[in-house]
Amino acid sequence: MGPEFWKPDKSTKLKKCSEFTSDACDPEPTDRCCAVIPCVYCLDWAGSYPDSGTANWTGSSWSGIVNTWVAVLYWERNSETGVCEFIVVLDGVEIYRADCYGGQSCRDSSGSAEAEIDGQAGTLTWTKLEPRPLEYIPAPDNPECKTWMCGSCECSCDCLCVTITDLYDHQCTDEICDIAYPCDAPVWFGSMTCGGVDYDLSIALGRDAYGNCIITPTVNGEEQADVSVSGCGDMSATFTLANGTRIDVRCKRCSCQSDAELCCPDRDCPGDGGPNPFPTTLTLTIEDPDSYGCWDMTGILTLGSCPEINYSGTAEATCTWCGHEYNIKISVVLACSASGGWLLRFVAPVPDLGDCSDVTPTEILLTQFSCDPILLQKEDVCLTCGSLICEGDPGEIPLPYPHPPFCGLIVSVFET
């Protein structure tokens, strides 16, 4: 009969766009805990400097940046009890751990925890991102068959981020949310005030004669011309009122803040239809001019979200020190920081990080040399891997002896 989450008539059926199946059902025993897990968690930090972020699945954990700190969320089987536990690490500090008996769930591990990081006290909340599902409709040319509501979209979003720019350069951003029944097409509705002018907004998602997705905006009771959009979950569009006021709308993922305004503002989010989109992948290289070999590595970083710019990936290398071969595997997140600039942060601790799960420093601020193509770099970097400890006899040096810092490294991230 198959797993319950494959059965379409069950309340436990797989939720399209917000969940996926992991490889927990592999025939070989593994330490994995969950068969169905969320795609994305939204992060919110409530403290002296409130911030939000997006934690994307990286293959073994969800990771993202909030308030310049790396947040890592993952499931792990406790080696002593054998019970699977959901763990949250913020800036390398474990702030939360709970199992299913403590109220956690593989399909939705949303929760919150208090923390104090770098002297800042606050609460981190992580919430499963739930895109707005779109129902299938009767196919216009054959009503006995079903087709997508528009385009090939399975889901859209609950809320839209709206930015109004009037002729006096007043610019205001807010959100409007869906008020339609779940079986109907979304209609996002709300009110904003910008430059002393009130705007009542209604934006309906529909399809044109060819099945493509369109939105129909209505502003202060006046219906505007239809606007074509590509995609649904990441859609964006711009329309202009008769008085010259421009209104930009885009799907809200986790927040309406736009990191793209801080880092490479002339680049566009993929799917927005702009002429110069951010690349879907970037290359990370770390060069070790002193030829130790431990940090000569290359990896691929994949774009997880935009405009909350967030790339993630891994890189690894092997080297021999003190008669022992080490496998150095790093997991990193690259994101635009709230204060501007690109932060490359080492994600730890997470499973399968090889022989170096405690890299210091935990973050590097890269210099932006170019945005088209993207080139970020920092020279003369020193990194320390506390796991590289000599247990043998290196000579006159007292044991155990940790490897000294690797200095003179060149860290580069670039577009190919």
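The values are calculated or read from the model by the stated rules, or taken from the named source; none is laboratory data. All figures in this text were calculated on a predicted structure; none of them were measured in a lab. Cβ sites come from the backbone with ideal geometry, for glycine too, and all protein chains shown count toward neighbours.
Quick look at the values:
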{"quantity": "Selection from region 189-218 of residues that are touching a strand residue (DSSP E or B) at 6+ places or on another chain (Cβ under 6 Å), of a type outside the set (Ser, Thr, Tyr) and farther than 21 Å from Tyr136 by Cβ", "calculated": "Phe189, Gly190, Met192, Cys194, Asp200, Leu201, Ile203, Pro217"}
{"quantity": "Some residue of region 135-150 being closer than 30 Å to Asn212 by Cα, acidic (Asp, Glu) and at pLDDT 90 or above", "calculated": "yes"}
{"quantity": "Single condition Trp45 does not satisfy, out of (1) part of a loop (DSSP other than H, G, I, E, B); (2) modelled with pLDDT of 90 or more", "calculated": "(1)"}
{"quantity": "Residues satisfying the stated conditions in region 93-147, i.e. assigned to a strand (DSSP E or B) and under 19 Å from the mean Cα position of the chain (by Cα)", "calculated": "Gly111, Ser112, Leu124, Thr125, Trp126, Thr127, Lys128, Arg132"}
{"quantity": "Number of positions in region 190-223 that are among the aromatic types (Phe, Trp, Tyr) and closer than 16 Å to Phe239 by Cβ", "calculated": "1"}
{"quantity": "Any chance Val93 is of a type in the set (A, V, I, L, M), closer than 18 Å to Glu363 by Cα and crowded, with 20+ Cβ neighbours inside 10 Å", "calculated": "no"}
{"quantity": "Unique residue being at pLDDT 80 or above and either farther than 20 Å from Gln377 by Cβ or surrounded by 17 or more Cβ atoms within 10 Å (Cβ to Cβ) (or both) when the list is Gly271, Gly244", "calculated": "Gly244"}
{"quantity": "Region 148-175 residues that are surrounded by fewer than 18 Cβ atoms within 10 Å (Cβ to Cβ) and part of a loop (DSSP other than H, G, I, E, B), paired with ones that are modelled with pLDDT of 90 or more and hydroxyl-bearing (Ser, Thr, Tyr) (beta carbon under 7 Å, 6 or more apart)", "calculated": "Trp148/Tyr136; Leu167/Thr245"}
{"quantity": "Of all residues in region 179-227 being of a type in the set (Val, Ile, Thr) and exposed (fewer than 14 other Cβ atoms within 10 Å of the Cβ), the one that is farthest from the chain's Cα centre (by Cα)", "calculated": "Thr193"}
{"quantity": "Selected residue (only one of Gly323, Gly313, Gly386, Gly340 is within 18 Å of the chain's Cα centre (by Cα) and modelled with pLDDT under 80)", "calculated": "Gly340"}
{"quantity": "Tally of residues being surrounded by 18 or more Cβ atoms within 10 Å (Cβ to Cβ) and either of a type outside the set (Lys, Arg) or out of contact with any Cys (no Cβ under 9 Å at 6 or more places or on another chain) (or both) across region 307-336", "calculated": "20"}
{"quantity": "Positions within region 203-241 being modelled with pLDDT of 85 or more and of a type in the set (D, E, K, R), in sequence order", "calculated": "Arg207, Asp208, Glu222, Glu223, Asp226"}
